Amino acid sequence: MSSGVQIVFVLVFGCVVGSFLNVVRYRLPRKAGMVSGRSMCPECGRRIAWYDNVPILSYLALRGRCRRCGWGIPWIYPVIEASTGASFALIWYSFPPGQAVAYMVLAALLTVCAGIDADLRIIPDKLTLPGIVLGLVFSVTLLKTGPVDKALVRSLLGIVAGGGTLFGVAVLYKLVRRIEGMGGGDVKLMAMVGAFLGYKLALLTIFVGSVAGGIIGLFLIHRSSEGMKTSVPFGVFLSPAGIVCLLWGDALIGAYLNLIK
């Protein structure tokens, strides 16, 4: 199979995975079964036919509305499907097969965490805690590039750097403002990123996510009647930042080091 065909196959596979991630995004925080029962319209409760459940294409064909009741399907559905397909294809193109599989798992976890955070302002432990464990396991198996002890230390340092940095920021914010500024879900999310990517890319993820979140957050605060009390889901920015740093983080760090020289 040629490389081009592989990329197309992985792209399509990623979109299908993204469709499943939408199921997880909607059902997991609502404690509904994720593998039992067919998809239904949240508005009218009618079952969705298979031809209306094709990733991205069905959304376009239906013009973003339920065939039965006309309910407007949220844009987050095709966005998650498309972004999962794109991230899987880029990962497959950028890494050897074994590493690519591990990083696809990370991308899937980050994508569904971002979706749930956008919906409900929470990041479930049922995703991040197993993700931390998977990052440790993959660090000494699929992602191992040297001795096992060094690979494990790299992953552990990533957990401490990613989760510990955000935990410190959260504690400092609460001391200064006397209110909660960051949830524990964000801390565990970054611990998961660190377990997969190590401390350098975990810290870069926090930086990139903070810059993006700061810019867009200021816009949202300006538009909101709540002002500085406006809730901004940080995981929505940290998750794509993690995928960006996974793909191009080493190049960004190298470019920065060359710049300061």
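The values are calculated or read from the model by the stated rules, or taken from the named source; none is laboratory data. As the structure is a prediction and not an experimental result, all values here were calculated from the model. Methodologically, a virtual Cβ is constructed for each residue, glycine included, from the backbone with ideal geometry; neighbour enumeration extends over all protein chains shown.
Would it be correct to say that residue 143 is touching a helix residue (DSSP H, G or I) at 6+ places or on another chain (Cβ under 9 Å) and under 9 Å from residue 195 (Cα atoms)?
No, not satisfied.
Each row is one residue, and each column tells you yes or no for (1) among the charged types (D, E, K, R); (2) at pLDDT below 95.
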position	(1), (2)
32	no, yes
59	no, yes
65	yes, yes
73	no, yes
112	no, no
139	no, no
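Tell me the residue from 32, 89 that is outside the structural domain of residue 133 (by TED's automatic domain parsing), in a helix (DSSP H, G or I) and small (Gly, Ala, Ser), please. Walk me through how you get there before you give the answer.
Numbers: 32 fails: in a helix (DSSP H, G or I).
Only one candidate qualifies: 89.
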Item checked: Tabulated pairs, the stretch 161-183, first modelled with pLDDT of 80 or more, second in a helix (DSSP H, G or I) and hydroxyl-bearing (Ser, Thr, Tyr), C-beta under 6 angstrom, 6+ apart or interchain -> 161/199
Note to self: Against the definition (touching a Phe, Trp or Tyr at 6+ places or on another chain (Cβ under 8 Å), touching a residue at least 24 places away in the same chain (Cβ under 8 Å), assigned to a helix (DSSP H, G or I) and not basic (Lys, Arg)), how does residue 157 come out, yes or no?
What the structure shows: yes
Margin query: Please go through the stretch 96-150 and give me each residue that is over 25 Å from residue 27 (Cβ atoms) and not in a helix (DSSP H, G or I), ordered by number.
Written below: 96, 140, 141, 142, 143, 144, 145, 146, 147
Checklist line | Subset of the stretch 152-186 [farther than 27 Å from residue 120 by Cβ and among the charged types (D, E, K, R)] | finding: 154
Notebook entry, point to check: Just checking, which of 93, 51 is in contact (Cβ under 8 Å) with a residue 12 or more places away in the chain and aromatic (Phe, Trp, Tyr)?
Noted result: 93
Notebook entry, point to check: For residues in the stretch 192-251 being charged (D, E, K, R) and at pLDDT 85 or above, which is farthest from residue 182 (Cα to Cα)?
Noted result: 250
Margin query: Please go through the stretch 120-144 and give me each residue that is closer than 16 Å to residue 235 by Cβ and surrounded by fewer than 16 Cβ atoms within 10 Å (Cβ to Cβ), ordered by number.
Written below: 120, 121, 122, 125, 126, 129
Next item on the list: Using the structure shown, decide if residue 148 is over 21 Å from residue 122 (Cα atoms), surrounded by fewer than 14 Cβ atoms within 10 Å (Cβ to Cβ) and modelled with pLDDT of 90 or more.
Entry: yes
Note to self: Report every pair of residues separated by at least 6 positions or lying on different chains whose Cβ atoms are under 6 Å apart, first residue within the stretch 55-71 and part of a loop (DSSP other than H, G, I, E, B), second of a type in the set (S, T, N, Q).
What the structure shows: 55/19
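Being more than 16 Å from the chain's Cα centre (by Cα) and within 30 Å of residue 55 (Cβ to Cβ) narrows it down to one residue among 78, 97, 130; which is it?
The match here is 97.
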Next item on the list: Sort out which residues of the stretch 96-107 are touching a Phe, Trp or Tyr at 6+ places or on another chain (Cβ under 8 Å) and touching a residue at least 24 places away in the same chain (Cβ under 8 Å), and write them in order of number.
Entry: 102, 103, 104, 105, 106, 107
